[in-house]
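See structure below.
The values are calculated or read from the model by the stated rules, or taken from the named source; none is laboratory data. None of these values were measured; they are calculated from a predicted model. Cβ placement follows ideal geometry from the backbone for every residue including glycine, while neighbour counts extend to all protein chains displayed. Accessible surface is based on the protein model in full, side chains and every heavy atom, while ligands, DNA and RNA are left aside. Shrake-Rupley method; radii C 1.70, N 1.55, O 1.52, S 1.80 Å.
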Amino acid sequence: LRAEDPEGETLSFSIASGTSGSFGVSSSGQIFVKAAADLDYESQVNHVVYIDISDGTLSSSMDVEIRLTDVNEIPEFAKEEYSMAVSEQSAASTRVGEVIKASDHDAGDTVSFELRSSSNSQYFELTTSEDGGYYCAQLSAKIAIPDINQFASATFDLIVRITDSAGLEADMSVE
């Protein structure tokens, strides 16, 4: 901000009130974002900050409107872990565990799912859908799961990747 005092007095700047304490102003009039600020374009685009300018005797105030620009955020899984289990001798298309849900906070972004390559991924597939603002994927047995004793381990390690329409991605390990 730029302000001048006709008598040449030193001016000080302060926040009179504003948006949730997200902004501050330096003594020289530079508006800045506070370290603990939680600014989110999808929640609130415009913020108004009320600035007081004083020479120690007289003061003036002004409104400053700050418009956020959108930044593409990485899509997120709805949970940190998902419970997955399937019985041996399961038929093809048997659902495995709970539905994996993901979202993207960016307006208009979509999320796609991919089962990443692993030594056991040939046994599983993902079926996708949408439900209540979430993008969903159900893990299913692609082929009949043979006798578990044929495997060195009773655990299958899989990686599910979500990707938004701008190409940002996140992975989750699923056992």
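Values as computed for the structure displayed
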{"quantity": "In segment 78-88, the residues that are more than 16 Å from the chain's Cα centre (by Cα), surrounded by fewer than 16 Cβ atoms within 10 Å (Cβ to Cβ) and not charged (D, E, K, R)", "calculated": "83, 85, 87"}
{"quantity": "Any hit, segment 119-132, residues being within 29 Å of residue 169 (Cβ to Cβ), open to solvent by 90 Å² or more (accessible area, probe 1.4 Å) and modelled with pLDDT of 85 or more", "calculated": "yes"}
{"quantity": "Lone qualifier among 37, 102 - being surrounded by 13 or more Cβ atoms within 10 Å (Cβ to Cβ), under 20 Å from the mean Cα position of the chain (by Cα), in a loop (DSSP other than H, G, I, E, B) and among the aliphatic types (A, V, I, L, M)", "calculated": "37"}
{"quantity": "Criterion (modelled with pLDDT of 85 or more and in a loop (DSSP other than H, G, I, E, B)) met by exactly one of 166, 170", "calculated": "166"}
{"quantity": "Search result, residues across segment 86-99 that are assigned to a loop (DSSP other than H, G, I, E, B) and modelled with pLDDT of 80 or more", "calculated": "93, 94, 96, 97, 98, 99"}
{"quantity": "Selection status of residue 13, closer than 30 Å to residue 107 by Cβ and not acidic (Asp, Glu)", "calculated": "no"}
{"quantity": "Residue list for segment 40-77, filter: under 24 Å from the mean Cα position of the chain (by Cα) and among the aromatic types (Phe, Trp, Tyr)", "calculated": "41, 77"}
{"quantity": "Index of the failed condition, residue 103 passing every other in (1) within 30 Å of residue 140 (Cβ to Cβ); (2) among the hydroxyl-bearing types (Ser, Thr, Tyr); (3) modelled with pLDDT under 85", "calculated": "(3)"}
{"quantity": "Subset tally (residues that are more than 29 Å from the chain's Cα centre (by Cα) and either within 30 Å of residue 104 (Cα to Cα) or part of a loop (DSSP other than H, G, I, E, B) (or both)) for segment 16-29", "calculated": "4"}
{"quantity": "Residue among 7, 65 that is acidic (Asp, Glu) and touching a residue at least 40 places away in the same chain (Cβ under 8 Å)", "calculated": "7"}
{"quantity": "Residues that are of a type in the set (A, V, I, L, M), loosely packed, with under 14 Cβ neighbours inside 10 Å and outside any strand (DSSP E or B), drawn from segment 48-77", "calculated": "58, 71"}
